[in-house]
Amino acid sequence: AKNQGRNRYAFYTSDLTASAHQRLEMENDMRRGLERNEFVLHYQPKLDLSSGKLDGAEALVRWNHPQRGMVEPDQFIPLAEETGLIVDLGRTILNIACAQLAQWRDQGLTAPRMAINVSGAQLIGDHLVNDIRRALAKHSLSASQLELEITEDFVMNQNREAIVLLDLFSSMGIHLSIDDFGTGYSSLAYLKELPLDTLKIDRSFVAGLPGNHHDAAISQTIIVLAHNLGMAVIAEGVENELQRELLLEQGCDSIQGYLVSRPLPADEFANAFLRRAPS
Ligand code: C2E
Ligand code: CA
Ligand code: CA
Ligand code: CA
């Protein structure tokens with residue numbers, strides 16, 4: 001990160017080491033990218049463990065950059081969060097995801113529930129609720145077709161305004177999940193305050209399964225915790241059959257990961273996972 005060439009952008013470095021100049025340049029690049037519709041979504045299936053059926057899809061953003069090719073979200077989401085561009089980017093992501101659901105429906109396919117990642121900055125103020133209402137109305141979708149994945153750290157702030165917002169989403173029928181569960185600096189107190197539907201076991205715990213006894217204890221504990229609180233639980237980052245088997249034994253509801261599929265472009269996702277809706 002120390003010797004960036006003149007034409008290297010911040011997203012080849014950590015956002016912390018990038019110079020102010022690089023950051024500004026990348027911010028402008030992102031704005032231009034938003035205007036030119038360079039952001040695309042890939043979709044990763046979530047499978048119900050006991051039936052093996054499709055249980056949802058997670059939308060994961062990529063930047064199809066004219067010079068740099070497909071740029072991964074870790075390379076631009078942090079800067080988008082810092083600069084506030086995440087609000088515009090988040091709106092774009094929501095609109096693409098909703099348009100995709102409508103397209104699948106119009107093609108006669110059974111569209112899965114669509115999970116969207118939401119950064120804390122998007123939960124300040126009422127942009128998100130307005131954006132969601134507008135997108136659902138535009139595409140004639142029901143709120144229950146949407147799921148929001150939020151991270152613990154944000155929810156933990158126990159910010160009154162955020163709790164009200166999450167209650168509103170929940171009352172609309174939107175599903176709410178805690179992403180990367182177990183990795184934040186969290187107390188468990190918020191779990192009883194919030195209208196959550198699903199806990200998502202972080203892939204750092206799944207990676208050690210089935211052999212690592214500590215990871216196995218953690219996944220088992222999260223599964224029991226979720227169920228005792230009336231929530232569902234999904235494991236992310238499931239890469240092999242032994243992990244799947246252990247999670248099934250432990251009572252996990254759903255899985256997501258390379259074992260099932262990498263995140264795919266919309267058409268590949270539809271070919272591999274969507275069926276014609278019964279008419
Ligand atoms: P995340 O929400 O925890 O997403 C899961 C990440 O794990 C994705 O990386 C996915 O491609 C990857 N993954 C899925 N299955 C496996 C597996 O079996 N093994 C391994 N090693 N990895 C797997 P991706 O797409 O690069 O996204 C990284 C992070 O970027 C996401 O983590 C999320 O925090 C953020 N992100 C992605 N899309 C969005 C978005 O639309 N909005 C916001 N705010 N953040 C996003
Ligand atoms: Ca990645
Ligand atoms: Ca996620
Ligand atoms: Ca994760």
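The values are calculated or read from the model by the stated rules, or taken from the named source; none is laboratory data. Source: prediction; values computed, not measured. Neighbour counts are summed over all protein chains in view; Cβ atoms, including those assigned to glycine, are modelled from backbone coordinates with ideal geometry.
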Residue by residue through the range 233-251, note down the ones that are of a type outside the set (A, V, I, L, M) and either under 15 Å from Asp55 (Cα atoms) or at pLDDT below 95 (or both).
-> Glu236
Take the range 88-103 and flag every residue that is over 15 Å from the mean Cα position of the chain (by Cα) and crowded, with 20+ Cβ neighbours inside 10 Å.
-> Gln100, Leu101
Only one of Arg31, Arg23 is surrounded by fewer than 16 Cβ atoms within 10 Å (Cβ to Cβ), out of contact with any His (no Cβ under 6 Å at 6 or more places or on another chain), of a type in the set (Lys, Arg) and in contact (Cβ under 8 Å) with a residue 12 or more places away in the chain, namely Arg31
Tell me which of these Pro210 doesn't satisfy, since it passes every other one: (1) more than 30 Å from Asn64 (Cα to Cα); (2) outside any loop (DSSP other than H, G, I, E, B).
-> (2)
Among (1) charged (D, E, K, R); (2) more than 16 Å from ligand 2 (Cβ to nearest atom); (3) surrounded by 14 or more Cβ atoms within 10 Å (Cβ to Cβ), where does Glu239 come up short?
-> (2)
Please note which helices (runs of 4 or more DSSP H) are completely contained in the range 83-195 and include at least 1 residues that are within 27 Å of Leu229 (Cα to Cα).
-> 127-138, 152-156, 160-172, 190-193
Output the number of the condition that Leu191 fails; it satisfies all remaining conditions of (1) modelled with pLDDT of 95 or more; (2) under 19 Å from Val118 (Cβ atoms).
-> (1)
Residue that is farthest from ligand 2 (Cβ to nearest atom), among those in the range 68-87 that are surrounded by fewer than 18 Cβ atoms within 10 Å (Cβ to Cβ) and of a type in the set (Asp, Glu) | Glu82
Taking the range 177-213 and keeping only residues that are away from ligand 1 (no atom under 14 Å from the Cβ), more than 22 Å from Leu259 (Cα to Cα) and surrounded by fewer than 22 Cβ atoms within 10 Å (Cβ to Cβ), one is left with Tyr185, Ser186, Ser187, Leu188, Ala189, Tyr190, Leu191, Lys192, Glu193, Leu194, Pro195, Asp197
From the list Val260, Val238, which one is touching a residue at least 60 places away in the same chain (Cβ under 8 Å), assigned to a loop (DSSP other than H, G, I, E, B) and not polar (S, T, N, Q)?
-> Val260
Residue count for the range 67-79, restricted to those that are in a helix (DSSP H, G or I) and within 8 Å of ligand 1 (Cβ to nearest atom) | 3
